[in-house]
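S.K.: Here it is: the structure, laid out below.
Any read-out appearing in this document is the output of simple, stated calculations on the displayed coordinates, not a laboratory observation. What you are looking at is a predicted structure, and each value in this text was computed from that prediction instead of being measured. Please note: Cβ atoms are built from the backbone with ideal geometry, for glycine as well, and neighbour counts cover all protein chains shown.
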2 protein chains.
Amino acid sequence: MIGKKNATIVDVAKEAGVSVATVSRVVNGNYPVKPETKVAVSAAIEKLHYVPNVQARELNQRRSTTIGVVVPSLYNMFFAEVIDGIEAAVRKDKYSLLLNCAQNDPEQEQACIKALVARNVAGLIVISPNTQNMQEDFYKQLAERTPLVFINGYHEIPGASYVSNDEAGGMRTALTSLWKLGHNRILMVRGSHSDSYEVKEKVYRSFMEEQGVLDENLILDIGEGNSVETVDNTADYLLAKLPEVRPTAVCCCNDLMAVGALNACKLLDLEVPRDVSVMGFDNVSLSRYVAPKLTTMDQNMFQLGESAASLVVEKIRFGRNKKIVLGNMLIERDSVAEAHER
Amino acid sequence: MIGKKNATIVDVAKEAGVSVATVSRVVNGNYPVKPETKVAVSAAIEKLHYVPNVQARELNQRRSTTIGVVVPSLYNMFFAEVIDGIEAAVRKDKYSLLLNCAQNDPEQEQACIKALVARNVAGLIVISPNTQNMQEDFYKQLAERTPLVFINGYHEIPGASYVSNDEAGGMRTALTSLWKLGHNRILMVRGSHSDSYEVKEKVYRSFMEEQGVLDENLILDIGEGNSVETVDNTADYLLAKLPEVRPTAVCCCNDLMAVGALNACKLLDLEVPRDVSVMGFDNVSLSRYVAPKLTTMDQNMFQLGESAASLVVEKIRFGRNKKIVLGNMLIERDSVAEAHER
DNA sequence: ATGAAAGCGCTAACAG
DNA sequence: CTGTTAGCGCTTTCAT
C-alpha cells in the first residue's frame with residue numbers, strides 16, 4: 001500500500017505532549033480535561049488527521065457496533081427497501097451495517113453468517129432465511145451465542161427474535177377479496193426455498209378447502225422467486241399453465257411473479273383484469289409502474305427493516321427477544337376486477 | 001447481553017493443552033504442526049465453537065479485509081444491481097462489505113465515509129458521489145490515506161480510481177439515434193447533485209448546438225433523481241412542461257425519470273411512442289416491465305460493481321490507481337419511434 | 001514442532 | 001486533571 005500511514009493515538013499524544021490517556025479522554029469526552037490541554041490535543045488531532053480506530057476500541061471494550069445483515073438476493077426491490085429501513089434505524093443507534101448476499105443459496109447463507117460472526121458483529125438480521133437452514137440445527141446453535149432476528153422467518157428458533165408481516169393474514173385477505181369478486185378458480189403462484197411460500201400455500205389450501213374447491217392443479221411453484229429471471233420464468237410457466245387450467249384469477253406470492261403474470265397474459269391476449277385478475281404481494285415500487293398497476297398486499301418493507309433493527313438492538317442491550325407482526329393492507333389498483341365468464 | 005461468551009484462542013489453548021501460538025498455527029495452517037496436536041486442537045475448537053476474532057487478527061496485522069461502500073440511495077434499482085456486483089466480486093477476494101446509505105445528502109455522505117474510515121476499511125467505493133463533495137477538499141484529503149474508487153464520479157481526485165460507464169458517449173448515442181428518427185425538439189430530463197447529470201447535460205448542449213437548435217426551455221431538472229418520489233415528481237413536472245414545450249421526444253437521465261415520463265404521457269393522452277418518444281438510461285430491470293417497454297442505454301450495473309471491486313483491491317494491494325470506462329449499448333425496445341408532426 | 005513474549009491501537013482502572 | 005499500566009484476542013519473531 002502506498003499512502004500515508006494513519007496516525008494513532010500515540011502519535012497524537014506525542015504531538016500534543018500529553019499521554020495517550022488524555023487523548024482518549026478528549027476524544028471520548030468522558031472525563032474532565034483542562035481546556036488548554038483539550039485545545040492542544042484537538043490541534044494535534046486535526047493536524048495529523050487522526051481518526052480513532054474503532055476496531056481497537058471495540059476489541060478493548062469487548063463490544064461491537066456493527067450488525068450483520070444477510071439477504072437472499074438484491075434483485076427484488078423488496079430487499080432493497082427492507083435494507084433501507086434497517087440502515088436508517090441502525091444508523092441512529094450508531095451501529096454500522098455489514099451486508100452479505102446469500103444469492104438464494106443455503107450454503108452461501110451459512111457461509112455469510114459464519115463470516116459475519118467471525119467479524120464479531122453485535123447482532124445479526126437474516127431476511128427471508130432459507131427454509132432448509134431453518135430446519136437444521138444451524139440457526140439454533142447460532143442463536144445461543146449471537147443476537148439474531150429474522151425477517152419473515154417462521155421456524156421457531158429458541159432465543160431468536162422475529163419480525164414479519166402477517167403474511168398469512170395478508171394471503172387470506174387477498175384470497176377473500178378475490179373470492180368476493182366471484183373468482184372461484186384462483187391460481188396460486190409461489191416460489192421455492194422460503195418459509196413465506198409455505199405459509200401462504202397453507203393459507204391458500206385451507207381457504208380453498210373451506211370453499212370446497214381445492215384443486216392441486218391450481219398451485220404453481222415457479223422456482224427461485226427473487227432472481228433476475230423470476231419475472232420471465234413466471235411468464236414462461238404461465239404461458240403453459242394459463243390455457244391449461246383457465247383460472248379466473250392469479251394470486252402471486254410476490255410482485256415480481258405478478259408482473260410475470262401480467263406479461264404472460266399480454267402474450268396470451270388475455271386482458272387484465274377483464275379476462276383474468278392478477279393479485280400481487282409486497283407492494284414494491286415496481287407495482288405502481290407497470291400497466292395495469294398491480295393490486296397487491298402492502299408489506300411496508302421500510303418498517304419491517306426498522307423494526308428488525310430495533311429488535312436486534314434490544315436483544316443486544318437487554319437480552320430480550322420478541323416477536324413483532326406487522327399488519328398489512330390491500331392496495332387496490334387496476335389488476336383485479338370482478339370475475340367474468342369466458 | 002445474555003448468552004454464552006464466545007471462546008477465545010486462550011480457551012482453546014487450555015482445552016487442548018497447548019499454547020496459543022499452536023492454536024493460531026493450526027487455525028491458519030501457515031506453520032507445521034504435528035498431526036496429533038492438530039487433531040487435539042481441532043477437537044477443542046469444535047467443542048468450544050471457537051471462531052477466530054477477525055478484528056483482533058486485523059488489528060495485530062495492521063490490515064483490514066472490509067471494504068466500505070457508499071450509495072446515495074437504495075431506492076433506484078441501479079444501486080442495488082451495482083452493489084450486487086461489488087458484493088459478488090469482493091466476496092471472491094475474501095473481503096466483506098460495509099454498506100452505508102447517504103440518503104442523497106452531501107453531509108450524510110461525508111459522515112458515512114468518516115464512519116467507514118474509523119472502522120478501518122481497507123478501501124472505499126463511492127457510487128455516484130455528490131457533486132458538491134467532489135468540489136471541496138474532502139475527497140482529496142481522503143484519497144491520500146484510503147484507497148478510493150468512484151463509480152460514475154467525474155471530478156479529478158489525485159490518487160483515486162474510477163470506473164464509469166461512458167455516460168457521455170451513451171448520451172450522444174441516445175441523442176443521435178433520436179435525431180436520426182427525425183426528432184428535433186428533444187426535452188432532456190435530468191436530476192440534481194450528481195456529476196452524471198452534468199456530464200449528460202454538457203453532451204446534450206453541444207449536440208444541440210451542433211444541430212443549431214439548442215433551446216434552454218428544453219432542459220428540465222426534476223430535483224432528486226434517486227428517491228422514492230422520483231417517478232412521481234418527474235411525472236408532475238412533465239404534466240406542466242410537456243404541453244408547454246411540446247417536444248417530439250423526451251430523453252431522460254435515468255429509467256426512473258423515463259417511467260415518470262411514460263406516466264405523464266398517459267395522463268396527457270399522449271401515446272408513446274406515436275405522439276412522443278421516451279428514451280431511458282441505465283436499463284434497470286424496471287425498464288423491461290413497464291408498458292411500453294423502455295428503449296434505454298444499458299449501463300451494465302453488475303459489471304460496474306465488479307470492476308470497482310477489482311480496482312479497490314488493486315489499489316489496496318499494489319497502490320495502483322486506474323480508470324476504467326465501460327462501453328454501453330442502446331437497448332431498443334418500444335418507447336422510441338420516428339418523430340411525427342402533431 | 002512448540003512455547004514465551006511482544007505488541008497492534010485503544011480504554012479504564014489506579015495512582016498521583 | 002493527568003500519567004502509568006494492564007490487557008482486549010490475535011499473530012509472529014525468537015528461542016528451545
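S.K.: In whole percent, what relative contact order does chain B give with Cα contacts below 8 Å and a gap of six or more residues?
M.R.: 18 percent
S.K.: Can you give me the distance in nm between label points at B:Tyr31 and A:Ile219, each placed 7 Å from the Cα along the Cα-to-Cβ direction?
M.R.: Each label point lies 7 Å from its Cα, and together they span 5.9 nm.
S.K.: Quick one: P(r) of chain B from all Cα-Cα pairs, 10 Å bins, percents rounded to integers, in order of increasing distance.
M.R.: Here the calculated profile for chain B is 5, 23, 25, 18, 13, 8, 5, 3, 0.
S.K.: Please tell me the relative contact order of segment A:146-300 in percent, rounded to the nearest whole number, where contacts are Cα pairs under 8 Å and at least six residues apart.
M.R.: Dividing the mean separation by the residue count of segment A:146-300 yields 20 percent.
S.K.: Which aspartates and glutamates have a Cα lying under 18 Å from the Cα of B:Lys14, excluding residues fewer than 8 positions away in the same chain?
M.R.: Counting by Cα, and skipping residues close in sequence, B:Lys14 has these aspartates and glutamates nearby: B:Glu36, B:Glu46.
S.K.: In whole Hz, what ³J(HN,Hα) sequence does segment B:95-111 give by Karplus (6.51, -1.76, 1.60; θ = phi - 60°), x for Gly and Pro?
M.R.: Taking θ as phi minus 60°, the curve returns 9, 10, 10, 9, 9, 10, 10, 8, 6, 6, 10, x, 5, 5, 4, 5, 4 Hz for segment B:95-111.
S.K.: Which three semi-axes in whole Å describe the equivalent ellipsoid of segment B:64-213, each the square root of 5 times a Cα gyration tensor eigenvalue, listed largest first?
M.R.: 33, 16, 13
S.K.: Could you work out [θ]222 nm for chain A from helices alone, using -39500 (n - 2.57) per DSSP H run of at least four and dividing by all its residues? Round to the nearest 500 deg cm²/dmol.
M.R.: That comes out to -14500 deg cm²/dmol.
S.K.: Using a label position 7 Å from Cα in the Cα→Cβ direction, what is the ascending list of nm distances from B:Val245 to the same site in the other copies?
M.R.: For B:Val245, the inter-copy label distances come out at 5.0 nm.
S.K.: Give the Rg (one decimal place) followed by the Dmax (whole number) of segment B:258-342, computed from C-alpha coordinates and expressed in Å.
M.R.: 18.0, 60
S.K.: Continuing with the same structure: May I ask for the angle, rounded to the nearest 10°, between helix B:230-245 and the longest principal axis of chain B, with both axes built from Cα atoms and the value confined to 0 to 90°?
M.R.: The two axes meet at around 20 degrees.
S.K.: Output, in nm with one decimal and in ascending order, the distances from the B:Ala88 label point to the matching label points of the other copies (7 Å from Cα along Cα-to-Cβ).
M.R.: Listed shortest first, these distances are 2.9 nm.
S.K.: Let me ask something else about it. Excluding same-chain residues fewer than 8 positions from B:Lys202, which lysines have a Cα within less than 26 Å of its Cα?
M.R.: B:Lys140, B:Lys180, B:Lys241, B:Lys322, B:Lys323
S.K.: Something else now. So what is log10(I(q)/I(0)) for segment B:187-342 at q = 0.16 1/Å, when the Debye sum runs over its Cα atoms only?
M.R.: For the requested q values the scattering log ratios are -0.89.
S.K.: Oh, and also: Looking only at other chains, what is the average number of their beta-carbon atoms within 10 angstrom of each beta-carbon in B:211-219?
M.R.: 0
S.K.: If neighbour count is taken as other Cβ atoms inside 10 Å, put B:Met134, A:Met297, A:Met329, A:Met257 in order from fewest to most.
M.R.: A:Met329, B:Met134, A:Met297, A:Met257
S.K.: I've got another one for you. Looking at segment B:138-183, what % of the alpha carbon pairs are farther apart than 18 Å?
M.R.: Within segment B:138-183, distances greater than 18 Å cover 47 percent of Cα pairs.
S.K.: Further, regarding this structure: Would you mind getting me the FRET efficiency between A:Glu338 and B:Lys140? Use the beta-carbon distance for r and R0 = 56 Å, nearest 0.05.
M.R.: Here the calculated transfer efficiency is 0.30.
S.K.: Same structure again: Once all Cα-Cα distances of segment B:143-256 are split into 5 Å bins that start at 0, what whole-number percent is in each one?
M.R.: Binned Cα distances yield the sequence 2, 11, 20, 20, 18, 13, 7, 4, 3, 1, 0.
S.K.: Order by neighbour count: A:Val20, B:Val250, B:Val336, fewest other Cβ atoms within 10 Å first, most last.
M.R.: The order, fewest Cβ neighbours first, is A:Val20, B:Val336, B:Val250.
S.K.: In terms of modelled amide H atoms, which long-range or inter-chain residues lie less than 5 Å from the amide H of B:Asp221?
M.R.: HN-HN under 5 Å from B:Asp221: B:Arg190.
S.K.: To continue, here is another question. May I ask for the Kirkwood hydrodynamic radius of the protein assembly as shown, worked out over all distinct Cα pairs and given in angstroms to one decimal?
M.R.: The Cα-based Kirkwood calculation yields 27.2 Å.
S.K.: Grab the beta carbon distance between B:Ser192 and B:Met329, set R0 = 25 Å, and tell me the FRET efficiency rounded to 0.05.
M.R.: 0.40
S.K.: Relative to the present Cα-Cα distance, how much length would full extension add between B:Gln132 and B:Leu267 at 0.36 nm per residue of separation?
M.R.: Computed gain between B:Gln132 and B:Leu267 is 45.1 nm.
S.K.: Enter the mean number of other protein chain beta carbons within 10 Å of the beta carbon of each residue in A:80-86, as an integer.
M.R.: Taking all residues of A:80-86 together, the mean is 4.
S.K.: Highest mean first, how do B:206-215, B:48-57, A:284-293 rank when packing is the count of other Cβ atoms within 10 Å averaged over residues?
M.R.: Ranking, from highest mean packing down: A:284-293, B:48-57, B:206-215.
S.K.: Now, a different point. Could you pull out the GluC sites (Glu not before Pro) across segment A:213-320 that fall in loop regions by DSSP (anything but H, G, I, E, B) with no more than 13 other Cβ atoms inside 10 Å?
M.R.: For GluC sites (Glu not before Pro) across segment A:213-320 that sit outside H, G, I, E and B with at most 13 neighbouring Cβ atoms in 10 Å, the list reads A:Glu271.
S.K.: What's the FRET efficiency of A:Ser42 with A:Lys293 using the Cβ-Cβ distance as r and R₀ = 45 Å, to the nearest 0.05?
M.R.: Efficiency, from the Cβ-Cβ distance: 0.20.
S.K.: Along each of its three principal axes, how wide is the spread of alpha-carbon positions in segment B:1-112, in whole angstrom units, largest first?
M.R.: Result, largest extent first: 56, 33, 24 Å.
S.K.: To the nearest 10 degrees, how steeply does helix B:167-180 sit against the main Cα axis of chain B, on a 0 to 90 scale?
M.R.: 30 degrees
S.K.: List the distances, in nm to one decimal, from the label point of A:Pro158 to the label points of the same position in every other copy, shortest first, placing each label point 7 Å from Cα along the Cα-to-Cβ direction.
M.R.: List, nearest first: 6.2 nm.
S.K.: Using label points projected 7 Å from each Cα along Cα→Cβ, tell me how many nm separate B:Val228 and A:Glu229, to one decimal.
M.R.: According to this spin-label approximation, the distance is 3.4 nm.
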